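> This is the structure I want to talk about, given as structure tokens.
The values are calculated or read from the model by the stated rules, or taken from the named source; none is laboratory data. Treat the numbers as computed from the prediction; the structure is a model and nothing was measured. Using ideal geometry, Cβ is built from the backbone for each residue, glycine included, and neighbour counts are taken over all protein chains shown.
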Amino acid sequence: MMMVNLRIRFMGREDVSAVIHVHLSSFLNFFLSFLGAAFLRELYNGTLIDPSGIGFVAENEEGICGFVTGTTQPSGFYRRLLRNRWWRFVFASISPVLKRPSIIPRLIRALSMPEKAKKQDGRGTLMSIAVLPEMKGKGIGKALVYAFLKDAANRGLQQVDLLSDRYNNDDVNAFYKGLGFRCERQFTTPEGRVMNEYVIEV
């Protein structure tokens with residue numbers, strides 16, 4: 001059931017600290033979480049600065065409880081971020097790399113993968129969505145996705161895609177299917193994660 005006092009609004013740079021808290025609370029043991037708050041700050045600030053960036057937050061009387069981000073131009077997105085903020089990303093990556101040097105190849109792949117993807121005109125990407133664990137089941141995620149899709153359509157997109165783990169992730173996959181996303185393909189990452197790529201018409 002949707003919360004009565006919930007408000008969905010555009011994300012601002014003043015919201016990034018709260019967004020990082022939601023991210024770290026929601027994505028335990030994920031790669032981006034391991035990279036830490038400094039890296040996430042550069043990522044989300046960079047998303048908001050990029051003209052293609054889309055960001056919304058869900059806010060109740062206690063503060064921000066969820067967010068969604070993405071881009072209308074996935075091709076070249078990370079290249080643009082690195083071009084404008086490369087030294088910030090390098091600085092933010094020093095600590096996690098020193099803790100685990102083996103992540104360097106994965107970090108490079110993560111930042112270059114969009115360059116390898118085939119560009120599809122009129123298709124954007126929903127990159128990240130999260131809701132505080134204690135706030136799940138209240139319709140917040142659905143409201144965030146709807147806001148994202150509406151803004152994507154207003155910007156002239158015809159489709160939006162996203163990635164989700166295929167295994168041990170039944171609730172999330174069911175969530176996307178329930179919103180009308182269809183699984184377009186499956187693939188395995190170099191780290192062995194089997195991913196579903198979903199797409200929806202907007």
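> So which of ILE20, ILE49, ILE64 ends up being surrounded by fewer than 17 Cβ atoms within 10 Å (Cβ to Cβ) and among the β-branched types (Val, Ile, Thr)?
On the way: ILE20 fails: surrounded by fewer than 17 Cβ atoms within 10 Å (Cβ to Cβ); ILE64 fails: surrounded by fewer than 17 Cβ atoms within 10 Å (Cβ to Cβ).
Matching residue, one of ILE20, ILE49, ILE64: ILE49.
> Restricted to segment 52-61, and to residues that are more than 16 Å from SER17 (Cβ to Cβ) and not hydroxyl-bearing (Ser, Thr, Tyr), which residue is surrounded by the fewest Cβ atoms within 10 Å (Cβ to Cβ)? Walk me through it before giving the result.
Step one: list which residues in segment 52-61 are more than 16 Å from SER17 (Cβ to Cβ), which gives 52-54, 56, 60-61.
Filter again for not hydroxyl-bearing (Ser, Thr, Tyr), leaving 53-54, 56, 60-61.
Working: GLY53: 21, ILE54: 26, PHE56: 24, ASN60: 17, GLU61: 10.
Out of the qualifying residues, it is GLU61.
> Do we have ALA147 as surrounded by 18 or more Cβ atoms within 10 Å (Cβ to Cβ), out of contact with any Leu (no Cβ under 8 Å at 6 or more places or on another chain), under 30 Å from ASN5 (Cβ atoms) and touching a residue at least 12 places away in the same chain (Cβ under 8 Å) here? Talk me through it step by step, then tell me what you get.
Working: surrounded by 18 or more Cβ atoms within 10 Å (Cβ to Cβ): yes; out of contact with any Leu (no Cβ under 8 Å at 6 or more places or on another chain): yes; under 30 Å from ASN5 (Cβ atoms): yes; touching a residue at least 12 places away in the same chain (Cβ under 8 Å): yes.
Here the answer is yes, as ALA147 does meet what is asked.
> Does segment 58-100 hold any residues that are in contact (Cβ under 8 Å) with a residue 60 or more places away in the chain, closer than 20 Å to LYS150 by Cα and assigned to a strand (DSSP E or B), and which are they?
Within segment 58-100, ALA58, GLY66, PHE67, VAL68, THR69, GLY70 meet the criteria.
> Any idea which residue in segment 1-27 is nearest to the chain's Cα centre (by Cα), counting only those that are under 21 Å from LYS138 (Cβ atoms) and in a loop (DSSP other than H, G, I, E, B)?
PHE27
> Which of the numbered conditions does THR71 fail, given that it passes all the others? Conditions: (1) within 27 Å of ASN169 (Cβ to Cβ); (2) surrounded by fewer than 22 Cβ atoms within 10 Å (Cβ to Cβ); (3) not small (Gly, Ala, Ser).
(2)
> Just for segment 162-202: of the residues that are out of contact with any Lys or Arg (no Cβ under 7 Å at 6 or more places or on another chain) and of a type in the set (Ser, Thr, Tyr), which one is modelled with the lowest pLDDT?
THR189
> Next question, about the same structure. Quick one: which strands (runs of 3 or more DSSP E) sit completely within segment 119-202 and have at least 1 residues that are within 18 Å of the chain's Cα centre (by Cα) and closer than 22 Å to PHE77 by Cβ? If you could, list the steps in order and put the result at the bottom.
Values: elements: 123-131, 159-165, 182-188, 194-201.
Here the list reads 123-131, 159-165, 194-201.
> How many residues, within segment 28-42, are in a helix (DSSP H, G or I) and either touching a residue at least 40 places away in the same chain (Cβ under 8 Å) or surrounded by fewer than 16 Cβ atoms within 10 Å (Cβ to Cβ) (or both)? Reasoning before the result, please.
Step one: filter segment 28-42 for residues in a helix (DSSP H, G or I), giving 31-35, 37-42.
Retained after the next criterion (residues that are either touching a residue at least 40 places away in the same chain (Cβ under 8 Å) or surrounded by fewer than 16 Cβ atoms within 10 Å (Cβ to Cβ) (or both)): 31-32, 34-35, 37-39, 41-42.
Residues meeting the conditions: 9.
> Please enumerate the residues belonging to segment 153-168 that are farther than 25 Å from THR189 by Cβ and aliphatic (A, V, I, L, M). Let's see the steps before the verdict.
Let us first name the residues in segment 153-168 that are farther than 25 Å from THR189 by Cβ, namely 153-158.
ALA153, LEU157 - these are the residues of segment 153-168 that are farther than 25 Å from THR189 by Cβ and aliphatic (A, V, I, L, M).
> Inside segment 151-180, can you point out the residues that are more than 30 Å from ILE103 (Cβ to Cβ), surrounded by 12 or more Cβ atoms within 10 Å (Cβ to Cβ) and not small (Gly, Ala, Ser)?
Answer for segment 151-180, where residues must be more than 30 Å from ILE103 (Cβ to Cβ), surrounded by 12 or more Cβ atoms within 10 Å (Cβ to Cβ) and not small (Gly, Ala, Ser): ASP151, ARG155, LEU157, GLN158, GLN159, LYS177, LEU179.
> Still on this model: Show the residue pairs meeting these rules: Cβ distance below 8 Å; 6+ apart or different chains; first residue within segment 177-202 and touching a residue at least 60 places away in the same chain (Cβ under 8 Å) and among the β-branched types (Val, Ile, Thr); second residue outside any strand (DSSP E or B) and surrounded by 11 or more Cβ atoms within 10 Å (Cβ to Cβ).
Cβ pairs passing all conditions: VAL199/PHE181.
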